[in-house]
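**Student:** Pasting a structure here, questions to come.
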Amino acid sequence: MIRLFTFLFLTFFTLQAFASVNTAIVVNGSFPGAQGKEIRLMKYGDQITYREIEIGSTIIDESGRFQFAFESIDPIYVFFRIDHARMGLFAQPDSNYLLEFEPVDFTTLDDKNNPYLNPLYFSFRILRPQNDINKYISELEDVLYDFLSDNFSLIYKSRNPAIFKPIKDKTDSLFAHVENDFFRNYYRYLYAYYMQVSNLMSFNDMVSEYLLNQEILYHNSQYMNLFNTVFDTYIFAGSRSITLSDLRHTVNNLNSYHALMDSLGKDTILRNEVLRELVMLKGLQDMYDNPDYRKANVEDILTYVKENSKFPHHRYIAGNILHSKKYFAPGYPAPSFEVVDRSGDTLRVPDDFKGKYLYLGFWASWCETCLLDFVAMNALQDHYGENLSILGISTDRHFPEYTSVMEKQDPHWKTAHFKGNYRLLDTYMVKSLPTYILISPEGKILSYPALGPSEDFATNFDRLLYLEQRRRSQEP
């Protein structure tokens, strides 16, 4: 009874403490020319997996304005998604932002420069608040960029940390008046990051000064940049106390979170439990797709962390790792969506194609590889039509560009236009063109990314049909 009372007492005062902190963030924006466009506000779930989480979405109104309101206990990096573009800012709790985008005429935009290689960026200014951390971060990075550009060769050749002293003295003076904790940490770890990538500090000195016995700043991008750089392959190749045989034994044979933590704890750098567990999570993320480690066991350990870790951030990161590894893996249900064919008819995917394998391809008229694949796709459709449906989805910005190609090509398979649904491209993880996905007759992912039609798709599909036929023949 006493324990229950103590728990309720502490919980009440914890909630009261959070209630006294204003966590509200409001973002108002003006974007001339973007009227009627969907704009999404995103964040990274964590800075180990960089899983993108949607905070909210809205349609920019007829006057070009939009608004988002959300909450965060810590300063957080958020970014906008509109069409292929992304651009962001650091948002602080208890802040009301006013942004002004440069006018854009979306009717004249042309994706023929390949937006995946040269992403669009729509410039904006922060009108309010004026003395915001974004202003200081931008000024700091501009000064450092100029310095690094002018001194790159000298830094590389000399490996002398004293080279940074003049610019450090200059920025110390320029930003001495900025007392914001987030900026001070960003500033400190930005310099540490450049010292690390320039090999101007020994590994032990870097870890001792910046990471050991320091608070882990999960939301500070420069702290996490340094952490990820320092511990990128540390447990596999950097530590003298951790052996690959130990790692394989604890994961493959013992399948034990505690045994893995004990194994990592042999390294004095990882004596701190919270740092050690975060390094372990980074390692497990790499182990998941490494054939030297049993995937099911890696998943078991991640699940244990997700459900039992003493550190809430680590439970969340473990969940994000599991999500990112399982998303679009074989057996994952293909997300439903609708597209419009050149006749204006709506196609529902994957529902309209169930009963056959569906070979889904994303393409564009400016993509020469995509157009060259059309001949091979015709051959696939003609040969496997009894078992295979092919759907090619044009991602051309303008519908007439799609219909013009179709009139010239006259494909033997179904085609459609994505109708400006950029969310669909994110959902299906289209990061380059062409992108192909094979979906089962039951509407589940079989292969992402699938082989292209001009690759060895036919041989692999023959094997798939053979195995399916054999399975059916063995059914009672």
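**Student:** Report, ordered by the first and then the second residue, all pairs with beta carbons closer than 9 Å, sequence separation of six or more or different chains, a first member in region 222-248 that is farther than 26 Å from Phe182 by Cβ, and a second member that is basic (Lys, Arg) and buried (at least 17 other Cβ atoms within 10 Å of the Cβ).
**Tutor:** Short answer, once both residue conditions are applied: Tyr234/Lys282; Ile235/Lys282.
**Student:** Filter region 270-326 for residues that are touching a Phe, Trp or Tyr at 6+ places or on another chain (Cβ under 6 Å), of a type in the set (A, V, I, L, M) and open to solvent by 20 Å² or more (accessible area, probe 1.4 Å) and give the result.
**Tutor:** Passing the criteria: only Val274.
**Student:** Answer yes or no: is there a residue in region 151-164 that is closer than 30 Å to Gly420 by Cβ, touching a residue at least 12 places away in the same chain (Cβ under 8 Å) and aliphatic (A, V, I, L, M).
**Tutor:** Residues of region 151-164 that are closer than 30 Å to Gly420 by Cβ, as a first pass: none.
So far as region 151-164 goes, no, none of its residues is closer than 30 Å to Gly420 by Cβ, touching a residue at least 12 places away in the same chain (Cβ under 8 Å) and aliphatic (A, V, I, L, M).
Yes/no per residue for (1) open to solvent by less than 80 Å² (accessible area, probe 1.4 Å); (2) modelled with pLDDT under 95; (3) within 30 Å of Val279 (Cβ to Cβ):
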| site | (1), (2), (3) |
| --- | --- |
| Thr6 | yes, yes, no |
| Gln16 | no, yes, no |
| Ala24 | yes, no, no |
| Glu38 | yes, no, no |
| Ser63 | yes, no, no |
| Ser72 | yes, no, yes |
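**Student:** On the basis of being aromatic (Phe, Trp, Tyr) and either open to solvent by less than 60 Å² (accessible area, probe 1.4 Å) or within 30 Å of His398 (Cα to Cα) (or both), does Phe203 make the cut? Please lay out each step first, then the result.
**Tutor:** Numbers: aromatic (Phe, Trp, Tyr): yes; either open to solvent by less than 60 Å² (accessible area, probe 1.4 Å) or within 30 Å of His398 (Cα to Cα) (or both): no.
So Phe203 does not fit the description; no.
**Student:** Given the criteria within 29 Å of the chain's Cα centre (by Cα) and either part of a helix (DSSP H, G or I) or basic (Lys, Arg) (or both), does Tyr193 qualify?
**Tutor:** Against the criterion (within 29 Å of the chain's Cα centre (by Cα) and either part of a helix (DSSP H, G or I) or basic (Lys, Arg) (or both)), Tyr193 qualifies.
**Student:** In addition: Return the residues of region 249-269 that are of a type outside the set (S, T, N, Q), touching a residue at least 12 places away in the same chain (Cβ under 8 Å) and open to solvent by less than 50 Å² (accessible area, probe 1.4 Å); say none if nothing qualifies.
**Tutor:** Once the filter is applied, which keeps residues that are of a type outside the set (S, T, N, Q), touching a residue at least 12 places away in the same chain (Cβ under 8 Å) and open to solvent by less than 50 Å² (accessible area, probe 1.4 Å), region 249-269 yields Val251, Tyr257, Leu260, Met261, Leu264, Asp267, Ile269.
**Student:** Please specify each residue of region 327-361 satisfying the condition of being part of a strand (DSSP E or B), open to solvent by 50 Å² or more (accessible area, probe 1.4 Å) and among the hydroxyl-bearing types (Ser, Thr, Tyr).
**Tutor:** Pass one, region 327-361, residues part of a strand (DSSP E or B): 333, 337-340, 346-349, 357-361.
From what's left, open to solvent by 50 Å² or more (accessible area, probe 1.4 Å): 333, 338, 346, 348.
Scanning region 327-361 gives a single hit, Thr346.
**Student:** Of the conditions (1) crowded, with 18+ Cβ neighbours inside 10 Å; (2) farther than 30 Å from Val27 by Cα; (3) modelled with pLDDT of 90 or more, Leu89 satisfies every one except a single condition; which number is it?
**Tutor:** (2)
**Student:** Can you tell me which residues in region 105-140 are open to solvent by 80 Å² or more (accessible area, probe 1.4 Å), in contact (Cβ under 8 Å) with a residue 12 or more places away in the chain and hydroxyl-bearing (Ser, Thr, Tyr)?
**Tutor:** Passing the criteria: only Tyr121.
The values are calculated or read from the model by the stated rules, or taken from the named source; none is laboratory data. This one's a predicted model, so the numbers in the text were calculated from it and none came from an experiment. No Cβ is skipped: glycine too gets one built from the backbone with ideal geometry, and neighbour counts run over all protein chains shown. Just the protein is used for accessible areas: all its heavy atoms, side chains included, with ligands, DNA and RNA removed. Shrake-Rupley method; radii C 1.70, N 1.55, O 1.52, S 1.80 Å.
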